[in-house]
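For reference, the structure discussed in these notes is given below.
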């Protein structure tokens with residue numbers, strides 16, 4: 001039986017700003033118990049206040065595998081829904097991109113995705129199911145100049161999620177990726193979007209209903225799929 005959102009514990013990474021903060025607000029409004037991770041302490045404090053002070057907030061650099069493992073070792077019981085939203089996008093051509101920046105981007109994207117999934121997997125199996133939601137983008141589908149690290153991380157998440165969907169199916173564990181489907185107004189997009197996208201971007205709160213629907217329904221048709229948050233949210237609020 002899928003617990004209602006008000007009885008779920010939801011873990012969100014990259015929760016201090018943008019989509020992650022919007023998801024925290026959306027799940028808090030639905031009554032969920034929140035665990036929020038980000039490297040920005042001040043941003044997390046603001047989100048905690050915006051969600052009624054109920055969220056458990058951890059300041060952690062997900063590029064650091066040791067720090068991530070230490071944080072996850074203190075998880076307060078099973079997690080029903082994991083949303084791995086954290087990412088690094090710093091466009092740079094290959095000829096100037098050094099190994100440190102490349103590794104940090106992959107570590108936040110796929111290494112942390114692996115660590116997070118391992119941390120919640122056993123609890124989900126024991127409880128008869130759960131939802132693993134990985135935030136992807138067009139960079140997980142296509143290649144872009146000056147995005148070799150970011151595209152590599154997002155492409156890796158796409159494959160990782162497909163594998164977990166297969167492994168999780170016998171245990172009621174859903175795994176999917178979600179692309180925004182619409183230009184979002186976030187700190188990342190402020191830095192990187194061209195003017196034509198900024199002219200039509202939407203606030204990330206308008207994409208949150210898609211994630212709530214996935215967590216609430218665990219629709220088997222979603223598992224192993226790449227979902228469009230804008231389309232799902234529009235259908236949910238129509």
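The values are calculated or read from the model by the stated rules, or taken from the named source; none is laboratory data. Please read these numbers as outputs of a predicted model, since none were measured by experiment. FYI the Cβ positions are ideal-geometry reconstructions off the backbone, even for glycines, and counts take in every protein chain you see.
All of (1) modelled with pLDDT under 95; (2) within 16 Å of the chain's Cα centre (by Cα) hold for residue 153 with one exception: (1). Checking the conditions here, which among 150, 193 is under 28 Å from residue 95 (Cβ atoms) and surrounded by 22 or more Cβ atoms within 10 Å (Cβ to Cβ)? So the residue among 150, 193 that is under 28 Å from residue 95 (Cβ atoms) and surrounded by 22 or more Cβ atoms within 10 Å (Cβ to Cβ) is 150. Among the conditions (1) free of Cβ contacts under 8 Å to residues at least 40 places away in the same chain; (2) loosely packed, with under 14 Cβ neighbours inside 10 Å, the only one that residue 187 does not satisfy is (1). When the range 128-137 is limited to residues that are at pLDDT 95 or above and under 26 Å from residue 229 (Cβ atoms), the one that is farthest from the chain's Cα centre (by Cα) turns out to be 129. Taken over the range 112-123, the criterion of being buried (at least 19 other Cβ atoms within 10 Å of the Cβ) and either under 18 Å from residue 61 (Cβ atoms) or out of contact with any helix residue (DSSP H, G or I) (no Cβ under 7 Å at 6 or more places or on another chain) (or both) is satisfied by 112, 113, 116, 120, 121. Selection of first residues in the range 139-151 that are on the phi > 0 side of the Ramachandran plot and of second residues that are surrounded by 15 or more Cβ atoms within 10 Å (Cβ to Cβ), restricted to Cβ pairs under 8 Å at least 6 apart or on distinct chains, gives the following pairs, ordered by first then second residue: 146/92.
Please pick out the residue among 204, 195 that is more than 15 Å from residue 137 (Cα to Cα) and either out of contact with any helix residue (DSSP H, G or I) (no Cβ under 6 Å at 6 or more places or on another chain) or in contact (Cβ under 8 Å) with a residue 24 or more places away in the chain (or both). The match here is 195. When 67, 46, 50, 42 are screened for being surrounded by fewer than 20 Cβ atoms within 10 Å (Cβ to Cβ), more than 18 Å from the chain's Cα centre (by Cα), farther than 26 Å from residue 192 by Cα and at pLDDT 95 or above, only 67 passes.
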